[in-house]
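**Q** Structure below; questions to follow.
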Amino acid sequence: MAQRLQDELAAFFFQYDTPRMVLVRNKKVGVVFRLIQLVVLVYVIGWVFVYEKGYQTSSGLISSVSVKLKGLAVTQLPDLGPQVWDVADYVFPAQGDNSFVIMTNFIVTPHQAQGYCAEHPEGGTCTDDSGCPPGKAERKAQGIRTGKCVAFNDTVQTCEIFGWCPVEVDDNVPRPALLQEAENFTLFIKNSISFPRFKVNRRNLVEEVDAAYMRTCLYHKILHPLCPVFKLGYVVQESGQNFSTLAEKVWCQANEEGWVLEPAGQRRLFNPR
């Protein structure tokens, strides 16, 4: 056992092994060898680097976005008189998940108060009191039935209810939209983002964007691609929609920004859309 251990130690310290090189002069073997090398090279470059982008790496990010909407609208309605609408009136909810809603049209039901009145025909019609069981509310009803069948108009009878009266009649949507001025409202988007792994911090307010520039600029994909102030009418136009038609309903706008970190250290900002 001791002799074997000495032989192993002697071989480890005092012997040197080297691979034997053999030169094969054969065209077929040489071509096959180079083809194998070419396949490996194409795989590494084409698949790993070009297609799979193996030289890139991903990282989590920390982002914050603030949105500020500005604009005023004026309405002159017979039952309400002149009214000025600002952000607190036409934007709801005040905060949302990557989105906001702008009210561009509405239906007025003046002088509503709790009391007794005829239900809207959508809640059901009747011919006599037997068709209006008291204390019951149908799915589309706007109040609690009192048990009486009363005239809604000259031709239709409906159940009397206790609720907010007069009931809302939404058959005729105002056209054009009452807040058509929303087309000229402006939206300011401020976004900052951090890549902790790469120790990179960026924001959409680049060096070219200063306070003086933002006071006068409006985003345009060609003329002002770095401006963070968006005109709502332009956003709708770029989405292929007509603002006047769209404004007759509630319009929801999503906010999205994307960032890409290039391998050479260059950063590219995808403007909000």
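**Q** Restricting the search to the stretch 176-211, which residues are acidic (D, E) and at pLDDT 85 or above?
**A** E181, E183
**Q** I'm checking my understanding of the structure. Among residues of the stretch 212-262 that are at pLDDT below 85 and assigned to a strand (DSSP E or B), which one is nearest to A182 (Cα to Cα)?
**A** Filtering first and then ranking leaves W251.
**Q** Then there is this: Going by what's in this entry, would D89 be described as out of contact with any helix residue (DSSP H, G or I) (no Cβ under 9 Å at 6 or more places or on another chain) and either aromatic (F, W, Y) or surrounded by 10 or more Cβ atoms within 10 Å (Cβ to Cβ) (or both)?
**A** yes
**Q** Further, regarding this structure: Mind checking which residues of the stretch 193-211 are among the hydrophobic types (A, V, I, L, M, F, W, C), touching a residue at least 40 places away in the same chain (Cβ under 8 Å) and not in a loop (DSSP other than H, G, I, E, B)?
**A** I193, F195, V200
**Q** Ok, one more. Quick check: is even one residue across the stretch 70-79 of a type in the set (D, E, K, R), exposed (fewer than 14 other Cβ atoms within 10 Å of the Cβ) and closer than 30 Å to K148 by Cβ?
**A** The answer is yes, given that some residue of the stretch 70-79 is of a type in the set (D, E, K, R), exposed (fewer than 14 other Cβ atoms within 10 Å of the Cβ) and closer than 30 Å to K148 by Cβ.
**Q** Quick check on my filter: what residues within the stretch 148-178 are within 20 Å of V101 (Cβ to Cβ) and buried (at least 19 other Cβ atoms within 10 Å of the Cβ)?
**A** Within the stretch 148-178, A177, L178 qualify.
**Q** Same structure again: When you look at D79, is it in a helix (DSSP H, G or I) and in the same structural domain as N191 (by the TED database), yes or no?
**A** So D79 does not fit the description; no.
**Q** G46 is checked against (1) on the phi < 0 side of the Ramachandran plot; (2) at pLDDT 80 or above; (3) assigned by the TED database to the domain that holds V200; (4) of a type outside the set (A, V, I, L, M, F, W, C) and fails just one. What number does that condition carry?
**A** (3)
**Q** For the stretch 228-236, indicate whether the set of residues that are basic (K, R) and buried (at least 17 other Cβ atoms within 10 Å of the Cβ) is non-empty.
**A** Among the residues of the stretch 228-236, at least one is basic (K, R) and buried (at least 17 other Cβ atoms within 10 Å of the Cβ), which makes the answer yes.
**Q** If we keep just the residues of the stretch 179-210 that are closer than 13 Å to L226 by Cβ and of a type in the set (V, I, T), which is surrounded by the fewest Cβ atoms within 10 Å (Cβ to Cβ)?
**A** V206
**Q** Of A10, A2, which residue is of a type in the set (G, A, S) and surrounded by 10 or more Cβ atoms within 10 Å (Cβ to Cβ)?
**A** Just a single option satisfies the conditions, and that option is A10.
**Q** Still on this structure, I have one more. Against the condition among the hydroxyl-bearing types (S, T, Y) and part of a strand (DSSP E or B), how does S59 come out, does it pass?
**A** In short, no.
The values are calculated or read from the model by the stated rules, or taken from the named source; none is laboratory data. Predicted model, so just to flag it, every value in this text is computed and none were measured. Every residue, glycine as well, gets a Cβ built from its backbone with ideal geometry; the counts of neighbours run over all protein chains shown.
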